[in-house]
Structure formats: structure tokens, C-alpha cells
Amino acid sequence: MNWRQQLERQWYSGGACSALLRPLGALYCAAAGWRRWRARPSPGVLPSIVVGNLNVGGSAKTPVSIALLHHLQEHGWNPAAISRGYGARPPQEPYAVRSDDLPARAGDEPLLLRAVAPVYLSRRRHTGILAAAAAGHDIVVLDDGFQHLALQPSISLLLLQGERPFGNGCCLPAGPLREGKSALQAADALLCDPAAAVSSELVGVSRPLFRYAQQVTRLHSLSDPLQELPLTALQQRQVHAVTGIARPERLQRTLESLGAAVILHAFPDHHVFRQRDLAHLPAPLVMTSKDAVKCVGLSDLPEIWVLEIGIHWEPAFTDWLDRRLAQWRKAP
């Protein structure tokens, strides 16, 4: 475990290093609060749904964004996704992601979104929304746009996970928060996983709160996505889990819940995989969809299976969302 992983563990379980950094965390929180207070956001040219979090690291923003894009398509909208494209190096901005782009150009999460709907990369979200509007789209979903304060979204969703959704309650680097808990008031609704939904830390929060859960949907071959295994095939089988996500232990727990004996190989978040990272590992390997998009095209790989995760939210959220969307629905 490197120093960064040790510090991140202390954000949730306590430790001397995290405690020593509390003054810096207080300064970071104050600066983030001042930045939000002085922001003068403006709406985009299209209705927009922002999916964000307060904590650094993964919190299912991309799977929730994918679920929202599917929901919009099923209800007659023509959505696009807007992303800054973490780690991406597009030739220009805004950039319309192509289905055959490599992760080095488009980023891993935008490629996952591109499998569902068109994606536009732009650090200036207004510019990306303008590009989507010019292409004929009528609504956009922003993956990880909660801290982009230049935009006033039509709907702002904040994702919370775990029994301690705010960790130790401190901002970076003393804790996991990008800004203080007061930023909850900037969200229109909170989407909470089962643990966060019953957390005592959310008692008294005035925002609407809805539950969601992540569910394994399928297990398919990296080399041939049409080749599937039943999820029961992992029972009592040893697998090597390879991942470059922010919370690798979540993949391990998911596989163990399916009955697998897991040996975890964790790489840094957004790690760009090379053939040498995987070639020496014994088959079968299992990885997430986010990792898999960075391995397509690599040669001489062992047997690799991709675990796809879907999102299921409670019906009350669907009702709330559709009521909010109705005000932007253009009359036929």
C-alpha cells in the first residue's frame, strides 16, 4: 500500500497523518465555500442534468449517467453527454467522441458513455452544450459537473455512498471532501446507495433523498462481447480481479458476492493498461467496463471477462425526475 492509499484509508478510519492535515483541510473547505458563494452561474442553451459528488474518487457517477441517458432516450428525448474527459487529450475542444477513439484521446469514462449516446468533451461545459445543441440534441447529462460553478444546471444530482458518506467530514487533503457539507444545499436531490440512505450523517438533511443500487447485469468476454458467461459461473472459482478504479475493494466485494475467490490486482485510478500489466497474470481475469475500454486492442492477453454494472433506482425517483423534466419538454 502506497502513501496515497494509506492516507485515503485514514480519511475513513482515522490516523495521525490525516489529523495533522486538518488545518490545510479547513483552508481548502473555506476556499471551496467562498468559490461557490461568489459564483455567478448561468444556464446552458439546453436543459442539463448534472451528476456529481462531494467526495473524491468513484461514486458511480458514470453508471448513473448511463442510466439517465437510457431513461431519457426511452422517454423521447435526444440526449448527449458532456464531460471534461479526465486524462483525455482531444485534438480540440469541444470534441465529439468517436466510437473508435482510444482512451488516450477520449478518456475511459467518455468512451463508456459514447456506447449509449453522443459525447462532447469540453472543460468549458457551456461550449460542450453549444456543440450538442448544434448537433440537434435537446438535453444533456454532465458526468461529474457538480463543482463546475459556471453552469446553472436544470437538475443537480448528488451521489452519496457508504455508511460514512462524508468520511471524517474534512476537506482535502485531511479528508475526502471536495467542499463542505453545506454544498448539499446546491443539489436538487440526493441519490444514496443502501448504506448511505440509512446513515446517521444524513439525518435532518432537507434535500429530497432517493435510493439507488448497483447491480451486476452481465459477464462477457473482452475479445468477443457477444460471448457471455452466466454469473453463476464464478461460484467457487478463483479469479484474478484487475482494476484501475478509485475504490478497487468494491470490485472485490462484488465478485465475492457472486461466489468467487478473488485475488485483487489494483492499479491507480484511470490507469492506462499496457500489455505488460496483464500478460503475466494467470487466467481468468475479471475487470470492470471502465478498465476494459483501455484494454481493447492489446495483444497476447490472457482470458479476460468484463463485469458490467447497471443502476436501479427506486420508482419515487423516476416520478420526481419525470415531473422535473416535464417543464422543459417542448410541445409537439
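The values are calculated or read from the model by the stated rules, or taken from the named source; none is laboratory data. What you see is a predicted model, and the numbers here were worked out from it, not measured in a lab. Note that each Cβ is placed from the backbone with ideal geometry, even for glycine, and that neighbours are counted across all protein chains shown. Accessible surface areas use protein heavy atoms only, side chains included; no ligands, DNA or RNA. Shrake-Rupley method; radii C 1.70, N 1.55, O 1.52, S 1.80 Å.
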(message) Kindly evaluate E201 against the criterion of being outside any strand (DSSP E or B), under 21 Å from the mean Cα position of the chain (by Cα) and charged (D, E, K, R).
(response) no
(message) Please determine whether any residue of the stretch 210-218 is under 22 Å from W11 (Cβ atoms) and under 19 Å from the mean Cα position of the chain (by Cα).
(response) yes
(request) From (1) touching a helix residue (DSSP H, G or I) at 6+ places or on another chain (Cβ under 9 Å); (2) surrounded by fewer than 17 Cβ atoms within 10 Å (Cβ to Cβ), pick out the condition that doesn't hold for R84. (result) (2)
(request) Hey, could you check the stretch 1-16 for residues that are in a loop (DSSP other than H, G, I, E, B) and modelled with pLDDT of 85 or more and say which is surrounded by the most Cβ atoms within 10 Å (Cβ to Cβ)? (result) G15
(request) Could you grab me the full set of residues in the stretch 95-117 that are surrounded by fewer than 20 Cβ atoms within 10 Å (Cβ to Cβ) and touching a strand residue (DSSP E or B) at 6+ places or on another chain (Cβ under 9 Å)? (result) A96, R105, V116
(request) Looking only at the stretch 177-186, decide whether some residue is without any contact (Cβ under 8 Å) to a residue 60 or more places away in the chain, surrounded by fewer than 19 Cβ atoms within 10 Å (Cβ to Cβ), of a type outside the set (A, V, I, L, M, F, W, C) and in a loop (DSSP other than H, G, I, E, B). (result) no
(message) Every residue in the stretch 302-332 that is among the basic types (K, R) and surrounded by 13 or more Cβ atoms within 10 Å (Cβ to Cβ), please.
(response) R324, R329
(request) Test V306 against the stated conditions and say whether it is in a loop (DSSP other than H, G, I, E, B) and under 30 Å from L68 (Cα atoms). (result) no
(message) Quick check on this structure: which one of A96, A106, A81 is within 21 Å of D269 (Cα to Cα) and among the aliphatic types (A, V, I, L, M)?
(response) A106
(request) Considering only the stretch 138-187, state which residues are at pLDDT below 95, within 15 Å of the chain's Cα centre (by Cα) and farther than 22 Å from E249 by Cα. (result) D143, G145, F146, Q147
(request) Take G128 and decide whether it is within 16 Å of the chain's Cα centre (by Cα), open to solvent by less than 40 Å² (accessible area, probe 1.4 Å) and at negative phi. (result) no
(request) For V198, indicate whether it is open to solvent by 50 Å² or more (accessible area, probe 1.4 Å) and without any contact (Cβ under 8 Å) to a residue 40 or more places away in the chain. (result) yes
(request) Could you pull out every one of the helices (runs of 4 or more DSSP H) wholly within the stretch 210-301 that has 3 or more residues that are free of Cβ contacts under 8 Å to residues at least 60 places away in the same chain and surrounded by 20 or more Cβ atoms within 10 Å (Cβ to Cβ)? (result) 248-257
